[in-house]
Amino acid sequence: MSVVGSTYTDAAGNFSFDRVPVGEIKLLAARQATHEQAWAQSVLAAGEERSLTLILPGSGRIVRGEVRDALNQLVAGAKVAGGPALTTTDANGHFELKGFPLGKVTLTAQAPGSQALGRADVNIASPNGVVDVVITSRRLERCGAGCWRRTARPRSDCRGSSCGSETAA
């Protein structure tokens with residue numbers, strides 16, 4: 001299959017292509033600002049015109065929550081990132097990210113001046129889309145030269161022989 005062309009929608013959301021070859025056609029629509037995508041496919045016969053509607057999943061979903069450290073304390077000022085969104089937790093460790101489409105997104109959080117990282121995989125499945133999540137940071141502990149592992153609490157028994165596969169960036 002080859003690319004026939006690319007275009008932008010007009011103000012009403014309509015688009016068209018000229019000189020499309022007969023046979024199977026596949027369309028991809030993408031909204032660059034939110035990374036939303038929609039696919040459609042059909043078969044085009046000789047001399048036929050076909051209308052296809054592509055519906056982007058929407059980008060009004062909200063992920064909100066809190067960031068906690070390895071000792072379960074709320075973390076103020078932590079950076080929280082997910083998809084194209086980035087924010088900082090408030091004085092109480094709470095955050096809100098807006099503009100997500102339906103689907104899965106991975107959120108990461110890091111406290112100011114810390115190597116501790118938190119991660120949460122979120123599935124945004126609700127059409128009205130507010131998802132609550134708690135991200136818990138895990139310390140990155142040096143296990144040997146250039147080797148780190150995620151731990152829930154500070155440990156003093158870290159040795160190179162018990163090194164995990166995680167590396168610090």
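The values are calculated or read from the model by the stated rules, or taken from the named source; none is laboratory data. Please read these numbers as outputs of a predicted model, since none were measured by experiment. In this analysis, Cβ positions are derived from the backbone assuming ideal geometry, glycine residues included, and neighbour counts consider all displayed protein chains.
Any residue that is modelled with pLDDT of 85 or more, more than 28 Å from residue 82 (Cα to Cα), of a type in the set (S, T, N, Q) and not in a strand (DSSP E or B) - is there at least one of those in the stretch 9-16? Scanning the stretch 9-16 turns up at least one residue that is modelled with pLDDT of 85 or more, more than 28 Å from residue 82 (Cα to Cα), of a type in the set (S, T, N, Q) and not in a strand (DSSP E or B).
The selection criterion, being under 30 Å from residue 130 (Cβ atoms), in a loop (DSSP other than H, G, I, E, B) and of a type in the set (A, V, I, L, M, F, W, C), does not hold for residue 28.
Among the candidates 45, 78, 111, 91, the residue that is over 18 Å from residue 136 (Cβ atoms), out of contact with any Phe, Trp or Tyr (no Cβ under 6 Å at 6 or more places or on another chain) and not assigned by TED's automatic domain parsing to the domain that holds residue 19 is uniquely 91. Regarding residue 43, is this residue surrounded by 15 or more Cβ atoms within 10 Å (Cβ to Cβ) and part of a strand (DSSP E or B)? No; evaluated as a whole, the condition is false for this residue. In the stretch 22-46, the residue that is farthest from the chain's Cα centre (by Cα) out of those that are modelled with pLDDT of 90 or more and not aliphatic (A, V, I, L, M) is 23.
In the set (1) surrounded by 14 or more Cβ atoms within 10 Å (Cβ to Cβ); (2) under 30 Å from residue 55 (Cβ atoms); (3) hydrophobic (A, V, I, L, M, F, W, C), residue 130 fails one condition alone, (1). Considering the stretch 50-90, the qualifying strands (runs of 3 or more DSSP E), each wholly inside and each with 1 or more residues that are surrounded by fewer than 13 Cβ atoms within 10 Å (Cβ to Cβ), run over 85-88.
Cβ-Cβ distances below 9 Å connect the following pairs, each with a first residue in the stretch 63-74 that is free of Cβ contacts under 8 Å to residues at least 40 places away in the same chain, a second residue that is part of a strand (DSSP E or B), and a separation of six or more residues or different chains: 74/66; 74/67; 74/68; 74/94. Restricting attention to the stretch 79-109, the residues that are farther than 12 Å from residue 66 by Cα and not hydroxyl-bearing (Ser, Thr, Tyr) total 14. Among the polar types (S, T, N, Q), farther than 29 Å from residue 130 by Cα and not in a loop (DSSP other than H, G, I, E, B), is that true of residue 2? Spelling it out, it is not the case that residue 2 is among the polar types (S, T, N, Q), farther than 29 Å from residue 130 by Cα and not in a loop (DSSP other than H, G, I, E, B).
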